[in-house]
1. Counting only protein heavy atoms and using a 1.4 Å probe, what share of the accessible area of region 78-190 belongs to carbon plus sulfur, as a whole percent?
2. What translational diffusion coefficient, in µm²/s and rounded to a whole number, does the Stokes-Einstein relation yield for region 201-313 at 10 °C and a viscosity of 1.306 mPa s, taking the hydrodynamic radius as the Kirkwood radius over Cα pairs?
3. With the radius of gyration and the Kirkwood radius both derived from the Cα set of region 102-218, what is their ratio Rg to Rh?
4. Sort all Cα-Cα distances of the chain into consecutive 10 angstrom bins from zero, then give the percent of pairs in each bin up to the one containing the longest distance.
5. In square angstrom, what is the accessible area per residue of the chain with a 1.4 angstrom probe?
6. Within region 38-129, report the GluC sites (Glu not before Pro) that DSSP leaves as loop and that have at most 14 other Cβ atoms within 10 Å.
7. Equivalent ellipsoid semi-axes for region 1-158, as square roots of 5 times the alpha carbon gyration tensor eigenvalues: give them largest first, rounded to whole Å.
8. Calculate, in whole percent, how much of the Cα-Cα pair population of region 181-266 lies beyond 20 Å.
Amino acid sequence: MERRAWRLPPTILPDGDQRDLWVADGRLTSRPVDDAEPLPGEFVLPGLVDAHSHVSLGPEQTPLDLTGTAEALRLLPQTGVLAIRDVGSPEDLMLDLAPDPDFPYLEAAGQWLAPEGRYYERLHRPVTAETLVATALAQVRAGAQWIKVVADWTDPGLSYERTVLEQLIDAVHEAGARVAAHTQGPNVSDVIAAGVDSIEHGCGLTVADLETLAQAGIAWTPTLMALSGPMPRDAAPERVARRAGWLDNARALLAPAAEAGVTILAGTDAVGPLTGEIQHLIDFGLSPEQALGAATTEARDYLGLPGLSDGAPADVVTFEVDPREDPEVLRHPAAVLRAGVRIR
């Protein structure tokens with residue numbers, strides 16, 4: 001596809017800075033470009049990032065095959081989602097995908113790592129403590145940039161002893177990858193202390209944990225949509241009460257976490273779309289700017305992806321209406337550039 005010269009809208013989100021940017025040869029520049037065509041829209045964001053995705057799961061968490069997963073990935077850039085972190089797939093499926101220029105930028109894990117009885121049986125192969133490190137390193141050799149460990153589950157306690165988690169994390173870091181930990185229980189402080197790189201869900205986080213997260217650079221992906229969906233009518237009262245407690249905890253901690261400097265990431269889990277998660281982050285205490293940052297600038301910084309800076313690839317999304325006023329605007333981009341090529 002042809003790369004054209006563009007002039008971006010002047011209002012740069014999420015903060016609303018006024019800055020002149022152009023696109024030439026697929027990259028951003030602050031130097032004026034002659035004959036650049038104005039890109040439609042009044043507001044511009046760096047490409048959106050879904051930082052907790054399971055693209056290989058379809059409706060009702062039904063596993064997709066490689067073809068179905070590839071089709072789902074190709075749809076995302078049209079919505080402005082230009083990068084994803086996929087944190088778990090059945091049978092290491094995401095690591096078997098052939099590279100495709102129509103995919104968003106992808107950082108992927110393999111299968112969820114959990115012992116017998118500590119994850120959805122139909123979605124993973126149990127991994128014992130004795131084989132945990134070897135299994136993780138095999139995923140890294142297969143291309144995983146992340147390892148997803150199910151650090152706890154519905155039963156009390158950690159899925160693997162803390163010393164085992166520490167061995168896993170040290171080995172993965174030595175191999176050049178990072179570790180994301182599923183945790184919904186009260187043992188989250190032990191998971192943090194083991195040295196993970198990100199906390200997924202984090203339903204048991206406390207105020208005291210926030211300072212540790214901030215100081216250690218550990219990200220938190222609350223996945224609020226996944227925790228807020230409808231429950232079965234016959235759900236046990238204790239299950240209903242437990243989830244209500246999780247949501248109350250998220251409402252109490254999100255704003256203080258942002259104030260403490262914790263990196264908060266927007267992630268859809270398996271329920272989507274990213275617009276909904278951004279709205280939930282606002283409803284649960286973040287400012288619109290902070291919520292948009294969780295899906296753009298914060299996520300890009302955390303994953304090592306460029307934003308709207310001179311020389312960066314022109315991965316941008318524009319809007320006619322300010323999404324800080326109404327996140328639903330994010331569903332209707334005016335234009336999407338991917339490496340400077342207009343795809344919408």
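The values are calculated or read from the model by the stated rules, or taken from the named source; none is laboratory data. Since we're looking at a predicted model, the values are computed, not measured. A quick note on method: Cβ atoms are made from the backbone with ideal geometry, for glycine too, and the neighbour counts reach across all protein chains shown. These area figures cover heavy atoms from the full protein model, side chains too; ligands, DNA and RNA do not enter into them. Shrake-Rupley method; radii C 1.70, N 1.55, O 1.52, S 1.80 Å.
1. 51 percent
2. Calculated translational D: 107 µm²/s.
3. 0.95
4. With a bin width of 10 Å, the distribution comes to 6, 26, 33, 24, 9, 2, 0.
5. 43 Å²
6. Those that pass, being in a loop and sparsely packed, are 42, 116.
7. Value: 40, 16, 14 Å, ordered largest first.
8. Everything past 20 Å amounts to 31 percent.
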